[in-house]
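Input: a single structure, listed below in structure tokens.
The values are calculated or read from the model by the stated rules, or taken from the named source; none is laboratory data. As the structure is a prediction and not an experimental result, all values here were calculated from the model. No Cβ is skipped: glycine too gets one built from the backbone with ideal geometry, and neighbour counts run over all protein chains shown.
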Amino acid sequence: MIIDVHTHIFPADIRRNRDRYFPAEPAFKLLYQSAKSRMIGATELLNAMDKNGVDKSVIFGFPWSNTATYQSHNDYIMETAQKYPDRVIGLGCFDPANTRAVAEAERCLAGGLCGIGELAFYRSGIDASALEQLAPVMEMCADRNLPVLIHTNEPVGHDYHGKTPITLSQIYGLIKRFSDNKIVLAHWGGGLFFYTLMKKEVKESLNNVYFDTAASPYLYDPAVYNFAIKLAGIDKILFGSDYPLLAPEKYFSEMHQSGLAKNQMDQICGLNAKHLFNL
């Protein structure tokens, strides 16, 4: 079974009228003002899954600041998950700084979604204020043993839309603060797993942490898979495509280039996610 843990779908109104949302949502504008930034709906995702041999996808929206917008988007995620229960797994998404964020997390989980994410702080790092905003949502997910997917990125290298002013220290602070949570760090966690080479503390602190591969072909040499297996452990790596940013076949090709054995690819591409989501 192949499970893609990182895909985005949007309701038709947002896909057709993206410009309407730019004035009130600067983070959304940052990522989607270019016509090259694709947005798809459920049907397009399912077609791509069939084309690429993906059995299930984890779907979510965007961390909107506006309450009505994230509620509408989460409704679409819930409707899609209810319509295609054998093909998709839904997560609830919103801006944690919104005063109704906790109520929305409760609504999403009560509505059958299987966790929260992709939560992001596109215009700031994960600072002390962000941790306080996250706390009640993280507690809710810990109590239910449900994962939270967090947008992270490497703090060095080239700039690109969606690269946040985050530090490895902030990512590590998030993990330490919410050590009881199952946390998925998107985009290889900014490379945090390299610090498991330290003799004290880090390796143990990452016990409940998973790393997804989203955008890997844009960011890393295929050798990253071998390093991640050695340092993070193969049971902590999750295939995520960030579709429609990149097609799954790009990732499968790079896994082959890196020399992964079939059993290793099976674990990364499905078995780990199956365990994480209790399928």
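Provide a single number: the residues in segment 228-241 that are of a type in the set (Lys, Arg) and either within 19 Å of Lys274 (Cα to Cα) or crowded, with 22+ Cβ neighbours inside 10 Å (or both). It would help to see each step written out before you state the result.
First pass over segment 228-241, keeping only residues of a type in the set (Lys, Arg): 230, 236.
Pick out the ones that are also either within 19 Å of Lys274 (Cα to Cα) or crowded, with 22+ Cβ neighbours inside 10 Å (or both) and you get 236.
The number of residues fulfilling the criteria is 1.
Quick grid of which residues meet (1) surrounded by 17 or more Cβ atoms within 10 Å (Cβ to Cβ); (2) on the phi < 0 side of the Ramachandran plot; (3) out of contact with any Ser or Thr (no Cβ under 7 Å at 6 or more places or on another chain):
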{"position": "Ser72", "(1), (2), (3)": "no, yes, yes"}
{"position": "Gly112", "(1), (2), (3)": "no, no, yes"}
{"position": "Gly117", "(1), (2), (3)": "yes, no, yes"}
{"position": "Phe121", "(1), (2), (3)": "yes, yes, no"}
{"position": "Leu168", "(1), (2), (3)": "yes, yes, yes"}
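What number of residues within segment 217-246 satisfy the criterion of being hydroxyl-bearing (Ser, Thr, Tyr) and over 18 Å from Asp266 (Cα atoms)?
Of segment 217-246, the ones hydroxyl-bearing (Ser, Thr, Tyr) are 218, 220, 225, 241, 243.
Filter again for over 18 Å from Asp266 (Cα atoms), leaving 218, 220, 243.
Of the residues in segment 217-246, 3 are hydroxyl-bearing (Ser, Thr, Tyr) and over 18 Å from Asp266 (Cα atoms).
Residues in segment 170-196 that are part of a helix (DSSP H, G or I) and either of a type in the set (S, T, N, Q) or at pLDDT below 95 (or both): how many?
So the first thing to find is which residues in segment 170-196 are part of a helix (DSSP H, G or I), and the list is 170-177, 187-196.
Add one more test, that the residue is either of a type in the set (S, T, N, Q) or at pLDDT below 95 (or both), and what stays is 170, 196.
Count: 2.
Condition check ((1) over 18 Å from Ala214 (Cβ atoms); (2) under 19 Å from the mean Cα position of the chain (by Cα)) across all residues:
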{"residue": "Ala24", "(1), (2)": "yes, no"}
{"residue": "Gln33", "(1), (2)": "yes, no"}
{"residue": "Phe62", "(1), (2)": "no, yes"}
{"residue": "Tyr76", "(1), (2)": "yes, yes"}
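Considering only segment 252-275, I want to know if a residue exists there that is under 18 Å from Asp4 (Cβ atoms), under 17 Å from the mean Cα position of the chain (by Cα) and assigned to a loop (DSSP other than H, G, I, E, B).
no
A quick yes/no check of all residues on (1) touching a residue at least 40 places away in the same chain (Cβ under 8 Å); (2) within 23 Å of Gly115 (Cα to Cα); (3) buried (at least 17 other Cβ atoms within 10 Å of the Cβ); (4) of a type in the set (A, V, I, L, M, F, W, C):
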{"site": "Leu197", "(1), (2), (3), (4)": "no, no, no, yes"}
{"site": "Glu201", "(1), (2), (3), (4)": "no, no, no, no"}
{"site": "Asn207", "(1), (2), (3), (4)": "no, yes, no, no"}
{"site": "Ala215", "(1), (2), (3), (4)": "no, yes, yes, yes"}
{"site": "Ala223", "(1), (2), (3), (4)": "no, no, no, yes"}
{"site": "Asn226", "(1), (2), (3), (4)": "no, no, no, no"}
{"site": "Tyr243", "(1), (2), (3), (4)": "yes, yes, yes, no"}
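Which of the residues belonging to segment 171-182 are of a type outside the set (Asp, Glu) and farther than 13 Å from Ala120 by Cα? Give the steps one after another, and end with the answer.
Just the residues of segment 171-182 that are of a type outside the set (Asp, Glu), to begin with: 171-179, 181-182.
If the condition is that a residue be of a type outside the set (Asp, Glu) and farther than 13 Å from Ala120 by Cα, then Tyr172, Gly173, Ile175, Lys176, Arg177, Phe178, Ser179, Asn181, Lys182 are the ones that fit.
Could you check segment 7-124 for strands (runs of 3 or more DSSP E) lying wholly inside it with 3 or more residues that are free of Cβ contacts under 8 Å to residues at least 60 places away in the same chain and more than 15 Å from Pro244 (Cβ to Cβ)?
Numbers: elements: 56-60, 88-90, 116-119.
Once the strands (runs of 3 or more DSSP E) in segment 7-124 are filtered for at least 3 residues that are free of Cβ contacts under 8 Å to residues at least 60 places away in the same chain and more than 15 Å from Pro244 (Cβ to Cβ), nothing remains.
Name the single residue that is farthest from Gly53 (Cα to Cα) among those in segment 230-251 being hydrophobic (A, V, I, L, M, F, W, C) and outside any helix (DSSP H, G or I).
Ala232
Hey, Asn153 hits all of (1) surrounded by fewer than 17 Cβ atoms within 10 Å (Cβ to Cβ); (2) in contact with a Ser or Thr (Cβ under 7 Å, 6 or more places away or on another chain); (3) not in a helix (DSSP H, G or I) but one; which does it fall short on?
It fails just one condition, (1).
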